[in-house]
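Trainee: Next up is a structure, given as C-alpha cells.
The values are calculated or read from the model by the stated rules, or taken from the named source; none is laboratory data. What you see is a predicted model, and the numbers here were worked out from it, not measured in a lab. For neighbour counting, all protein chains shown are included, and Cβ atoms are generated from backbone atoms with ideal geometry for every residue, glycine included. Protein only, heavy atoms only, side chains kept; ligands, DNA and RNA dropped before computing areas. Shrake-Rupley method; radii C 1.70, N 1.55, O 1.52, S 1.80 Å.
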Amino acid sequence: MNKLLKWGLKNRKEPGVTIREMLAMLQANLNKNDTRPLVHLGIGDPSVHPCFRTTPLAENAIVHSLRSSHFNGYAPSAGISAARRAVADYLCEDLPYKLSEEDVFLTAGGNHAIEILLTVLARPGANILFPRPGYPLYEARAEFSGLEVRHFDLVPDRGWEVDLDAIEALADDKTIAMVTINPGNPCGNVFTFEHMQRIAETARRKGIILIADEVYGHLVFGDSKFVPMGTLGSVAPILTLGTLSKRWLVPGWRLGWIAATDPQGILSESGVTDSIRDFMGLTADPATIIQGAVPEILKNSPQSFFLKTNNLLREAADVCYTKVSEIPSLKCSHRPEGAMSTMVKLNLSTLDGVVDDMDFALKLAKEESVLVMPGTVVGLKNWLRVSFAVELDALKVGFERIGEFSSRHAKK
Ligand SMILES: *Cc1c(COP(=O)(O)O)cnc(C)c1O
C-alpha cells in the first residue's frame, strides 16, 4: 500500500469536468414530468438525426469489405497499406507536395490519434500548448501522460484567431508542440490562410511541432475556404489529425489518422515518426473491415453528399446565429462558418437568479428540457457551447424554449 501511495496514484490531479460527465449531470437534472421532447444541443454527434446520414457509398463500401473475406485478419499495426495510401492520396489533393503511405498512420478515430500523439510526445518536464476554448480530451489526455498544459486564448473579437502573442510568451525550450483545431471546435470558426501562415511562422520560430486537428476538415459553409495546415509543412513540422467521423457523419466507425505533413523531414529526422510507428505496435488498431472500406470511401464519395451536409450545416448555423441575436441574455460574437458548434456568450446581468453558465445549463435542462454545454467545460466560463448539427425543427424549438427561459428569468 505504501508503495502505491508513494507512486502518487491517489494524488493524481483531478481532471476538470469532462463533456460526458457534464452531460450526465444535465441529464440527471431533467424534469421527468415534462412530456415535451428533449432538445439536445449539447453533443457533436449528428448521426442520431435522420437528415445527417452518411452516403450509401460508404455503407456499401463497408458491406463489400465485410463480404470480401479479405479483411477478417489482423492488420499491420500502422494500418493496411491500401488504406494508408488512400489517406495519403486524399490529403495530397490539397497539398503542394506528395505524401506516401509511410507518412500515414491509421487510428481508431481522432481521439485515438490524440492519445497516440500525447503519449509519444511526452517527456519529463515537457509542456504543450492548447487552445482555450478547446476540446477537453486534450487536457485530460496530457494529464495522464504527465505533460504540463499551457493555454493560449482564441480571441472572440478577432473571429477566434489564435492569440499569437500568448504563444510567444508561453513557449519555452521545454515546449514540444502546440495544437490548432481548424475548422474550429467549439467556436465554429475557420482560419484565414494569412493567419495560418502566422501560426506556422510562430511555431517555426519557437521550434515546436504544430499539431493540426482537422477532424472537421472541409466542413465549411461560410466565406473562408478550408486550407489544410499541412500546406505550410515547409514552414514548420506539422502532424495532421483526421477522421471519417465528422465529414462522413460516422463517429461510431472509429477510423481516423495521423499524417506527418512535413516535407522537410524534420519529424522523421528527429525520430518522432519512428516513435509513432513503434507506439502503433502497442496500441489497438481500427477494425480491419473498416480499414478495408477506406480506399473506396475516400476516393469515390460523391461531391453531392458533401455539398448536402455543408448546406444543412449552413442553414442550421444561420438559424442558430439569428435566434441567438433575438435573445437578450445571449450573444454570438462570430457567425459560425465551419464545424458543428458555436460559442454563445451569456449576459448574466440581464438575468435574475442565474449565477453562472453551469447554473444556466442545469436550470435550462430542468425547466425547458433543452441541453447545452456550459462553456466552463471547454475552458470559457459564462459562455455556452451550442451544437447546431441537429434537425432544423428541433433547433428552432430549442431556441424558442431558451427564449422563454430567458424572458422568465429576465431582471425586472
Ligand atoms: C470529434 C473530435 C475529435 C475526435 O474524433 P473521433 O474520430 O470522433 O474520435 C478530435 N478532435 C476534435 C476537435 C473533435 O471535435
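Trainee: For the chain, what is the percent of antiparallel DSSP beta bridges, rounded to the nearest 5? It would help to have the intermediate numbers written out before the result.
Mentor: Working: 23 of 43 bridges.
Of the beta bridges lying entirely in the chain, close to 55 percent run antiparallel.
Trainee: What aspartates and glutamates does residue 174 reach when the alpha-carbon gap must be under 15 Å and sequence neighbours fewer than 8 apart in one chain are set aside?
Mentor: 148
Trainee: How many nm is it between the label spots at residue 97 and residue 322, if each spot is 7 Å from the Cα in line with the beta carbon?
Mentor: 4.6 nm
Trainee: Going down the list 246/411; 323/412; 308/363; 225/345; 225/363, which pairs span over 31 Å between their C-alpha atoms? Provide the component values of the computation, followed by the final result.
Mentor: Numbers: 246/411 40 Å; 323/412 22 Å; 308/363 35 Å; 225/345 26 Å; 225/363 38 Å.
From the list (246/411; 323/412; 308/363; 225/345; 225/363), the Cα-Cα distance tops 31 Å for 246/411; 308/363; 225/363.
Trainee: Sort 389-400, 257-268 by the packing proxy (mean of other Cβ within 10 Å over each peptide's residues), most packed first.
Mentor: Values: 389-400: 19.2, 257-268: 21.4.
Per-residue mean Cβ counts within 10 Å order the peptides as 257-268, 389-400.
Trainee: Quick one: dipole size for region 85-212, taken about the Cα centre, charges +1 on Lys/Arg Cβ and -1 on Asp/Glu Cβ, in debye to the nearest 20.
Mentor: On the way: 12 positive and 20 negative charges, 43 e Å.
Its charge dipole is roughly 200 debye.
Trainee: Determine the calculated [θ] at 222 nm for the chain from helices alone, applying -39500 (n - 2.57) to every DSSP H run no shorter than 4 residues and normalising by the residue count; nearest 500 deg cm²/dmol. Each step should come with its number before you reach the end.
Mentor: Details: 14 runs with 160 residues, N = 412.
Counting only the DSSP helices, I get -12000 deg cm²/dmol.
Trainee: What FRET efficiency comes out for the pair residue 347/residue 68, r = Cβ-Cβ distance, R0 = 45 Å, nearest 0.05? Walk me through the numbers on the way to the answer.
Mentor: Working: r = 57 Å, r/R0 = 1.27.
Efficiency computed from Cβ-Cβ geometry: 0.20.
Trainee: With unit charges on the beta carbons (Lys and Arg positive, Asp and Glu negative) and the dipole taken about the Cα centre of the chain, which residue among 124, 364, 111 sits farthest to the positive side?
Mentor: 364
Trainee: From the residues 237, 154, 133, which one has its Cα farthest along the dipole of the chain in the positive direction, the dipole being from +1 and -1 charges on Cβ of Lys/Arg and Asp/Glu about the Cα centre?
Mentor: My answer, from the dipole projection, is 133.
Trainee: Which of the peptides 337-346, 122-131, 106-115 is most tightly packed, and how do the rest follow, judged by the mean count of other Cβ atoms within 10 Å per residue?
Mentor: Details: 337-346: 24.9, 122-131: 18.0, 106-115: 23.2.
Top to bottom by mean Cβ count within 10 Å: 337-346, 106-115, 122-131.
Trainee: In whole Hz and in residue order, list the ³J(HN,Hα) couplings for region 116-130 that follow from phi through the Karplus curve 6.51 cos²θ - 1.76 cosθ + 1.60, θ = phi - 60°; x for Gly and Pro.
Mentor: Residue by residue, region 116-130 yields 5, 5, 6, 6, 5, 7, 5, 9, x, x, 6, 10, 9, 9, 10 Hz.
Trainee: Aspartates and glutamates near residue 331 by alpha-carbon distance under 13 Å, same-chain residues fewer than 8 away left out - which ones?
Mentor: Within the straight-line limit of under 13 Å, residue 331 reaches these aspartates and glutamates: 157.
Trainee: Distance in nm between label sites at residue 34 and residue 165, each 7 Å beyond Cα in the beta-carbon direction?
Mentor: Going by the 7 Å Cα→Cβ label model, 4.2 nm.
Trainee: Then there is this: When the Karplus curve 6.51 cos²θ - 1.76 cosθ + 1.60 is applied with θ = phi - 60°, which whole-Hz ³J(HN,Hα) does each residue of region 157-167 get, with x for Gly and Pro?
Mentor: Going residue by residue, I get 6, 10, x, 6, 6, 5, 7, 5, 4, 5, 4 Hz, with x marking Gly and Pro.
Trainee: With r as the distance between the Cβ atoms of residue 2 and residue 53 and R0 = 60 Å, compute the FRET efficiency 1/(1 + (r/R0)^6) and round to 0.05. Could you put the intermediate results ahead of the total?
Mentor: Values: r = 56 Å, r/R0 = 0.93.
After rounding, the FRET efficiency stands at 0.60.
Trainee: Separate question: Farthest toward the dipole's positive end in the chain, which of 33, 87, 164, given Cβ charges of +1 (Lys, Arg) and -1 (Asp, Glu) about the Cα centre?
Mentor: 33
Trainee: Take the solvent-accessible surface of the protein heavy atoms, probe 1.4 Å, and return the percent of it on region 65-191 that carbon and sulfur atoms account for.
Mentor: Details: 2590 of 5140 Å².
Percent of accessible area from carbon and sulfur atoms in region 65-191: 50.
Trainee: Once you charge only the Cβ atoms, +1 for Lys and Arg and -1 for Asp and Glu, what is the size of the charge dipole of the chain about its Cα centre, to the nearest 20 debye?
Mentor: In total the dipole reaches around 860 debye.
Trainee: Something else: Which far-off residues, 5 or more places away or on another chain, put their amide H under 5 Å from the one on residue 161, with H placed in the peptide plane?
Mentor: For residue 161, the qualifying residues are 155.
Trainee: Continuing with this model, one more query. Give, rounded to the nearest 20 debye, the magnitude of the charge dipole that region 56-300 has about its Cα centre when Lys and Arg contribute +1 at Cβ and Asp and Glu contribute -1 at Cβ.
Mentor: About 460 debye.
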